[in-house]
1. List the aspartates and glutamates whose Cα sits under 13 Å from the Cα of residue 87, skipping any in the same chain fewer than 8 residues away.
2. Strictly over 26 Å apart at the Cα level, which of 166/205; 166/208; 8/144; 208/387 would you flag in this model?
3. So if we plug the beta-carbon distance of residue 71 and residue 31 into 1/(1 + (r/R0)^6) with R0 = 22 Å, what FRET efficiency do we get, rounded to 0.05?
4. As I understand it, the value is the acute angle between the Cα axis of helix 247-258 and the longest principal axis of the Cα atoms of the chain; what does it come to in degrees, rounded to 10?
5. Under 14 Å Cα to Cα from residue 210, which aspartates and glutamates show up? Leave out anything in the same chain fewer than 8 places away.
6. Nearest 0.05, what FRET efficiency do residue 166 and residue 249 give at R0 = 25 Å with Cβ-Cβ as r?
7. Taking the mean number of other Cβ atoms within 10 Å as a proxy for protection, how do you rank 407-413, 325-331 from highest to lowest?
8. When the dipole is taken about the Cα centre of the chain, and only Lys, Arg (+1) and Asp, Glu (-1) are charged at their Cβ, what size is it in debye, to the nearest 20?
Amino acid sequence: MGDPYFPKLGNGGYDVSHYGLTLDYEPDSGRLKGEAVITARATQELSAFHLDLAGLKPDKVTVGGKGARFNTVGRELVVRPPDDLDKGETFRTTVRYSGTPQTITDPDGSEEGWLRTADGGAVALGEPTGSMAWFPGNHHPSDKAAYDIEVTVPKGLKAVSNGELKGTRETKSGGGGRRTTFRWHSAEPMASYLATVAIGPYETKTWKTKSGLPIYTAVSVSEAAEGTEGTEGTEGTEDSAGALAQIPDIIAWQERRFGPYPFSSVGAIVVGEDDAGYALETQTKPVFPGVPDTELMVHEFAHQWFGNSVSPKTWQDMWLNEGFATYAEWLWAEDRGGDSAQETFDAVYAGGEGSGGVWAFPPAKPPGPDRVFDTPVYVRGAMVLHKVRQVVGDDAFFRILRGWPSTYRHANADTDDFIAYVEKQAGDKGGDKGGDEGGDLDAVWDAWLRGEGKPKQP
Ligand code: TRP
Ligand code: ZN
C-alpha cells in the first residue's frame, strides 16, 4: 500500500469486500485453527497477490475453489492462483491456517496482536499492525470490509467480537469435549486493525440505548469480581456495571454532537487491568484494560465516528483519529459543567498537566512509526480542532463536527481532505468574515498542524 509509516502493511492490486473468519481456539495450549474466506475484487490483472500473515502457518489456499500455490516471505503470504485474475474480477480466496498466534511488539514498544489474558483466555488487538497475528488479510486501514467472525471455544467460555451476535451452537470436538461456537456479524465496513475477538470467562449483558441501538457488554470475571470491591474511578464508576451503565448517556451525547451513531450496535469488552497496556476503539466494542473511567469511554466511543467510520487513509493521518477523540473528552467536560475546551486548551498551552511533549512535533507529521501515538497526535491534534473552532465560530464548528463524519461516513480521509472540508464549510458560511477566514485557517494549518515547535499565539 505504500504507507509512509508502515510500508509493509497491506497490499495493492485488489480490494477486499468481505472476510469470513472461522476460528477454533484452545486456550490451554494457545493453539488456533482458522479458515479465512476473503472476497475481493482485482483492481488490476493479477498473476499473484499478497496477504499479511505473521507467525501462523498457511496449510491450504484455494482461489475460486481451485488449489493455489503459495509461500510465505516474512510477514507476507504470497498466493499464485491457478488462473490469472482479470482486472475488475471478484474472486474468493480461502486460507486454512494454524499455529500459536503471537504477540507483536510495535515500533513504540507497545504490545498487540494476540494477547493471552490472566483469566486464561485471549484478546486480539490490531492497532496498527496486530491483525496479521490472527488472520490473513489486507491489513491496511485504506481497505475496509464487512466481516463474519465465527469462533469456537471450550464450553463455559465465551467468544466476543465486533458487531452483532447472530447465534451460538454447541458441538463436540473430536476428543469429546463440549465446545461452543459464537457467530458475529459486522455489516458496516471495518478497517482490519479494529477487528477483535476476546475469549474467556466473560459476564455478558445485553440491553439497548434510548434510541434502540443494541448494547452488548462483556466483562472478564476477573474484573467483574474486582469491580464490586470498589475500584477508584471518576464520576461514580465504582464498578464495571456502574461504568458501563453510562454507555447510553455517552452515545446520546455523542449523537447530538457528532450526528447519528455509524454502526448497528455498540458495547464494550473489559479485559483484566494488566492484560493490555491501553484501551482500543475496536469497532462497536472498545476493549478496556480494567474498569474504564468516563473520560476513557468518551474517547473510545468518539472513535466510532472518528477513526472507525471516517478512517485514516494512511497511518500519517492518525491525528484525525486521536485529535478528535481527545477533543471529544474536552467537549464532554465542557458540556457537563467541567472545564471549557478553551480552559483545557489554555492549560495545555501554559504547560499544565498532560502537556508534556506536546510541542515535540506537528501532529500531521510524526517523525517516525514509533511516534504515531505520541502526545502531539492526541493533544496538539485536539488543539488544532480548537483553533478551527476559534476561527470559524461555534456554529460553523459544530456543523463541521457533524458534517465531517457524515460526509466521510464509512470511508477514508486524510489531512488534505480535512483541510478542504473545513475551508469549504468556512467559506460557505458567507457573511462578513468570509474573506479573512481562509487566511486565518491557513495560519492554523501552518502553525498548529504542520509547523515545528510551539506556536507563538495561543
Ligand atoms: N488508539 C488507542 C486509543 O487512544 C491507543 C492505542 C492503540 C495505542 N494502539 C496503540 C497507543 C499502540 C500506542 C501504541 O484509543
Ligand atoms: Zn484514541
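1. The reachable aspartates and glutamates, counting only those whose Cα sits under 13 Å from residue 87, are 15, 45.
2. Working: 166/205 15 Å; 166/208 16 Å; 8/144 17 Å; 208/387 36 Å.
Checking Cα-Cα distances, 208/387 exceed 26 Å.
3. Working: r = 23 Å, r/R0 = 1.03.
The calculated FRET efficiency here is 0.45.
4. 50 degrees
5. Those aspartates and glutamates meeting the cut-off are 249, 255.
6. Values: r = 28 Å, r/R0 = 1.12.
In this case the efficiency is close to 0.35.
7. Numbers: 407-413: 16.6, 325-331: 25.0.
Highest to lowest by the protection proxy: 325-331, 407-413.
8. Details: 45 positive and 68 negative charges, 414 e Å.
Magnitude of the dipole: close to 1980 debye.
Values quoted throughout were computed directly from the atomic coordinates according to the rules given, and no laboratory measurement underlies them. Just so it is clear, the model here is predicted, and its values are computed rather than measured. When we count neighbours, we look across all protein chains shown, and the Cβ atoms used for this are built from the backbone with ideal geometry, even at glycine.
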